[in-house]
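What follows is a set of notes on a single structure, which appears directly below.
The values are calculated or read from the model by the stated rules, or taken from the named source; none is laboratory data. All values reported here derive from a predicted model rather than from experimental measurement. Note that we place each Cβ from the backbone using ideal geometry, even for glycine, and neighbour counts take in every protein chain shown.
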Amino acid sequence: MLFAALIDRLFQAKIYLKNRISTEPSLHKAWNARLETDLYGQRSQSETVNSTLKRKYGAFVRSRRWWKQFRELTIVCLIHNIDRSL
């Protein structure tokens, strides 16, 4: 008797989970609703710039302290902008 009640309870839990998952909106739809269409194309532009900087000047920062890392990245960006303007 106890075993049958346990099986029945598990079956009800499985049906509950199946119904709950199918009635909730998917996370993918929720994520797409949050995207702003006018800003979406800018991600590819920033990824392109990041890739260019990594290829030209290396993929890692040599400095150990955070302010020196910031200074190094700022200098790399300045050099990249000067390089593009010439």
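General remarks:
- Test: K18 is on the phi < 0 side of the Ramachandran plot, at pLDDT 65 or above and surrounded by 10 or more Cβ atoms within 10 Å (Cβ to Cβ): no
- Of all residues making up the stretch 35-86, the number that are outside any helix (DSSP H, G or I), in contact with a helix residue (DSSP H, G or I) (Cβ under 6 Å, 6 or more places away or on another chain) and hydrophobic (A, V, I, L, M, F, W, C): 1
- R9 falls short on exactly one of the conditions (1) part of a helix (DSSP H, G or I); (2) modelled with pLDDT under 90; (3) loosely packed, with under 10 Cβ neighbours inside 10 Å, and that condition is (3).
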